[in-house]
Amino acid sequence: MADPLDELRDSLTGDVLVEGDREYERARLCFNLLIDRRPAAIARCVDANDVAAGLAFGQDRGLEIAVRGGGHNPAGHCAVDNGLVIDLSRMRDVQVDPDNQVAVSQGGATWLDFDAATQAHGLVTPGGVVGSTGVTGLTVGGGIGHLTAQYGLTCDNLLAAELVSPAGEIVRADEDQDPELLWGLRGGGGNFGVVAQAEFRLHPLERVVGGRLEYDGEGVAEALRLFRELAIDGPRELSIQAQLATDVSLAPQLAVVPCFTGVGEDPELLQPLRTVPGLVKDSVRRQGFLEQQRIFDPGYGVDRNYWKGHFVAELPDSLIDDLIACMTALGRPPGGILIESLHGAPKDVDPASAALGYRDAAFNISAMASWTEPAHDEESIAWARETAAAIEPWSVSGGYANYMQADEPIDRVRAAFGPDSFARLQALKSRYDPNNVLRRNQNIPPGG
Ligand SMILES: Cc1cc2nc3c(=O)[nH]c(=O)nc-3n(C[C@H](O)[C@H](O)[C@H](O)COP(=O)(O)OP(=O)(O)OC[C@H]3O[C@@H](n4cnc5c(N)ncnc54)[C@H](O)[C@@H]3O)c2cc1C
């Protein structure tokens, strides 16, 4: 009897992986080991026509469809049990037009691909801080990283996209053709179709002053307060993040990660951070942007993860104390708490240009539980939820869609955009995906 998947194989220029194929296990693996799913088939597409063929096959056969870019979404949206994965990992080409300072990136490119291509011309766009993360997946959720203060959110630099709708149409979204779709892709996630290629604005930049300042014990609270002042009052030439952790004895640890692109090798504004007692490591120096992009370099598919957080308007001393206390609450190292600053360029952009709703926040604070033992699932998940509950009184939105788990209630997704933008996104969803074929994401149900 003919294999029903032969029809899919015949319709693709790319290939199809099924259980038993040598590359299947690697291809189904999510960054987050908490998610362990076995798709019926993984369609490794090579172009927009392949994506359209995959979408058509999945719908004809009643298969649930997942879209895989870099595989990083902590909710594991890139994999689906017994369904079809539209896998973009063979679509990673990045073309750079240095004269016009524009890059065109295929839908499965990672930041490693993107940065390598753009840095060859001394250009950047503000992206994610971990190289294996998908460029498009990150962009359609917003995009916060080492150059946010300088150049805005990643989606603020998205100029155009070519999208394959679930109906198989290939459409272009830019300021002239379907600006509403471009607006929706700036934060509204993978709800409207599969982006086959995306076009980004580039900026000249090769070297930065960056690295890590690491603190132990008593110095952690003071360093975190200084981080806060720098983030609130600092210039737009300085993007800055902070990450709380603990050592095995549960003593708090803090890494402050600046990325300065102004004039000078040793910016004076970082000096106060260097005088805090408890500074145990200072690797901040002038370095290439590609080195800065390797500061956070977690292994892919090695930890179990559960993340939950809030955008906040302020980081008061009492919240700093609560966050440090949360780090010891589990009785073993729980993972970390990431604090990302949103000062600078994101505030300059017209809020009406993008669907996302957290531009006004001062910080994004995320409890990121990570562990290896399945026996620790329940208590690690509880730790992330309880830590997020400690942040919630300062919350100004429903949280960052890019870091959301699959169990977030729709109210949190709606709050991430605000009611008006959410209704507008629902109308856009009805136009492009009325049957909610693409629902393995931070889902915006059709409506409006
Ligand atoms: C280790 C790590 C580091 C991270 N660092 C950052 C960071 O610095 N800044 C930040 O803002 N976020 C960061 N994130 C979050 C990340 O941006 C999101 O999880 C994002 O969804 C990952 O995209 P992906 O393609 O890698 O993931 P996948 O799991 O492959 O895809 C997730 C979803 O994105 C959508 N999607 C992906 N590609 C396409 C496409 N071509 N067309 C349409 N939809 C698509 C689909 O809905 C898909 O289900 C990080 C996540 C991890 C795990």
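The values are calculated or read from the model by the stated rules, or taken from the named source; none is laboratory data. Just so we're clear, the structure is a prediction, and the values are computed from it rather than from any experiment. When we count neighbours, we look across all protein chains shown, and the Cβ atoms used for this are built from the backbone with ideal geometry, even at glycine. For the accessible areas, the whole protein counts, side chains as well, though only heavy atoms, and no ligand, DNA or RNA atoms are used. Shrake-Rupley method; radii C 1.70, N 1.55, O 1.52, S 1.80 Å.
Just a few scattered comments:
- Order by protection proxy (mean Cβ within 10 Å, highest first), peptides 330-337, 313-320: 330-337, 313-320
- The alpha carbons of the chain stretch over 71, 54, 43 Å along the principal axes, in descending order.
- DSSP bridge analysis restricted to the chain gives an antiparallel fraction near 90%, rounded to the nearest 5.
- Accessible-area composition of the range 237-297, carbon plus sulfur, in percent [1.4 Å probe]: 52
- Packing-based ranking of 132-143, 195-206 yields 132-143, 195-206, ordered from highest to lowest mean Cβ neighbour count within 10 Å.
- Ellipsoid semi-axes in whole angstrom, largest first, where each is sqrt(5λ) of the Cα gyration tensor of the range 200-356: 26, 20, 17
- Based on protein heavy atoms only, the chain ends up with 38 Å² per residue of surface accessible to a 1.4 Å probe.
- With a 1.4 Å probe rolled over the protein heavy atoms of all chains, the accessible area of 104, 130 falls in the order 104, 130, largest first.
- Counting only aspartates and glutamates at least 8 places from residue 429 when in the same chain, those with an alpha carbon closer than 12 Å to its own are 180.
- Of all accessible heavy-atom area on the range 361-448, the percent that carbon and sulfur account for (1.4 Å): 50
- Here the sum of -39500 (n - 2.57) over DSSP H runs of 4 or more residues, divided by the residues of the chain, equals -7500 deg cm²/dmol at 222 nm, to the nearest 500.
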